[in-house]
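Please read the structure below before turning to the comments.
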Amino acid sequence: MRDCLVTLLVSAVAFASAQRVPDPKCLVSMGQGYVFGNPRQVAVGLASDLGPSPDGKFLAFRRVTPLDPLDAIRGKRAMARFVFSIWSMATGQVWDVLESTMAEPVMVQCAWSRASGQAVLVQTRHLPENDGESVEIVLDRLSVPTKQRQNVARYRVGADVQVSPSPDGRFVLVIGLDNGTRDDVVDMATGQRVGIPRAPDEVRFWDKVGLTMYRRGDRSQAARRYDPVSRQTVPVQVVDRPETPALDPFYLAVKRPSKTDADGDLLVAWGQIPEAEEGEDGLPVGAKPTTAADELVKAEPALRGPVVLDADPVSHTVSVAGRYVAYAKRGGVYVLPFEPVDLEWLVKAMAARARDRAMVQAKQVGLALIIYSSDYDDLLPPNSHWQDNVLPYTKSVDMLKGFSYVLDGQNLTSFDKPSETQIGSVDTRYGRAVVYADGHVKWEPSSPSSGLYLSLLGEGRRRPTG
């Protein structure tokens, strides 16, 4: 009899686990709900310099590819390769734009244009010479959808020359030509170069309007702005007004699980709040819940984070337009999608998750109580210290937490209607899972909800808000 009950317990737990609705990774940030999907590896190799395009459709990155074991067969020296690549969200394919080796490394700088899939690629290669060192600078225009790469300009200059693409990727400033007396503005669409004389103490940088130039020590009086389209220079007043960066929908951070954990760090997402200091309930200090999001976070503090996305991150970034988190870890580049969802859906998701966990817990503890009774002449444990008696049958203290046992040493065979006799329950704010003397579990919602049993991963069930 006991063996049958043990088999029943194992089968029931396995069935319950199979029927479980997958737990969504949910987060509330700045009054908006988000749900995270599963990560997907898009490239192999140790990667860095992750750069999503403005529209989020493409992701540029550098990576070091593993050694190719076939190089020895080909008669080549086995050597790691540096590869600049771009991943396409639409096709899922990776375009390896440029490759170099450790013997001849190439520094790469990529600037996305405003036009979708268009970018500027700056290559810098150091060339040793007898009388010193020179640098080769190559400017290419990239069209990612068609995988086309077109050379626009090429320089061979001194090692102190620098390159700065404009924010929109239309122009490139080559700084310090002719022994620091001239800069070139290269039009990446036409390839035309315009030289601009410069003074030794002059500073130049791109802004949203054009190229701002000023003399050191006299910034406010002698500043000028150069428009690369009209090629006109006008005086301007430069004000130290730092540009406020656009906020990501949530924080990304690297977190170590514990001081004694030696397995690496975790990449986690935290919800942002409108004000700086956060209280224990996940709300700004001194604030009271005023919105539906505040009420939800107060009831479910875990929705503020941290939400664990993956382990062992190296670098990471958020593509707001593309709605994905891109990150590198040992072995490759990964993309993890996220989706904005309305708070009504999120409330239902939390209710479904609480129901699912409570049903599994009630099933396991209820059957453990039944197995206990089979070892003690069908007598259930006394209510006092019942957890200690049942613990050997569950092997988990956490499984017993939150379970309310309502009987007290009764004989299990004495119940006339075991299917209607409650053994105990697991209570949640959304309802409770009740287990009966025959082992079945029933959910009793605290309030009727037609969406309580929705599939958390059904695309048609979500209602994105933007």
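Assorted remarks:
- Any hit, region 91-100, residues being closer than 27 Å to residue 202 by Cβ and among the polar types (S, T, N, Q): no
- Any chance residue 149 is surrounded by 12 or more Cβ atoms within 10 Å (Cβ to Cβ) and within 30 Å of residue 92 (Cα to Cα): yes
- Some residue of region 35-53 being at pLDDT 90 or above, in contact with a helix residue (DSSP H, G or I) (Cβ under 8 Å, 6 or more places away or on another chain), open to solvent by less than 30 Å² (accessible area, probe 1.4 Å) and assigned to a strand (DSSP E or B): yes
- Boolean, residue 373 is in a strand (DSSP E or B) and either buried (at least 21 other Cβ atoms within 10 Å of the Cβ) or touching a strand residue (DSSP E or B) at 6+ places or on another chain (Cβ under 8 Å) (or both): no
- The listed residues are 239, 229, and the only one of them that is in a loop (DSSP other than H, G, I, E, B), at pLDDT 80 or above and open to solvent by 80 Å² or more (accessible area, probe 1.4 Å) turns out to be 229.
- Selection over region 79-111 of residues that are at pLDDT below 85 and open to solvent by less than 60 Å² (accessible area, probe 1.4 Å) gives a count of 4.
- Selected residue (criterion: farthest from residue 439 (Cα to Cα)) from residues of region 406-422 that are in a helix (DSSP H, G or I) and either open to solvent by less than 60 Å² (accessible area, probe 1.4 Å) or among the hydroxyl-bearing types (Ser, Thr, Tyr) (or both): 414
- Filtered residue count, region 382-405, keeping only those that are surrounded by 11 or more Cβ atoms within 10 Å (Cβ to Cβ), at positive phi and either over 40 Å from the mean Cα position of the chain (by Cα) or β-branched (Val, Ile, Thr) (or both): 0
- Among the residues examined, residue 425 does not qualify as open to solvent by less than 40 Å² (accessible area, probe 1.4 Å), modelled with pLDDT under 90 and within 40 Å of the chain's Cα centre (by Cα).
- Entry remark, region 175-196: residues being closer than 19 Å to residue 214 by Cβ and under 38 Å from the mean Cα position of the chain (by Cα) number 2 in total.
- Each residue in region 156-187 was checked for being within 21 Å of residue 140 (Cβ to Cβ), in contact with a helix residue (DSSP H, G or I) (Cβ under 9 Å, 6 or more places away or on another chain) and outside any strand (DSSP E or B), and 1 pass.
- Near pairs, Cβ below 6 angstrom, 6+ apart or cross-chain, from region 83-111 (closer than 20 Å to residue 145 by Cβ and part of a strand (DSSP E or B)) to any residue that is open to solvent by 80 Å² or more (accessible area, probe 1.4 Å) and basic (Lys, Arg): 95/147
- So residue 23, is it within 20 Å of the chain's Cα centre (by Cα), farther than 30 Å from residue 372 by Cα and modelled with pLDDT under 90: yes
- Conditions (1) over 25 Å from residue 428 (Cα atoms); (2) in contact (Cβ under 8 Å) with a residue 40 or more places away in the chain: number failed by residue 368: (1)
- Check on residue 322, part of a loop (DSSP other than H, G, I, E, B) and either of a type outside the set (Lys, Arg) or surrounded by fewer than 22 Cβ atoms within 10 Å (Cβ to Cβ) (or both): yes
The values are calculated or read from the model by the stated rules, or taken from the named source; none is laboratory data. Keep in mind the model is a prediction, meaning the values are calculated, not measured. Note that we place each Cβ from the backbone using ideal geometry, even for glycine, and neighbour counts take in every protein chain shown. We work out accessible area using only protein heavy atoms, side chains counted, and drop any ligands, DNA or RNA first. Shrake-Rupley method; radii C 1.70, N 1.55, O 1.52, S 1.80 Å.
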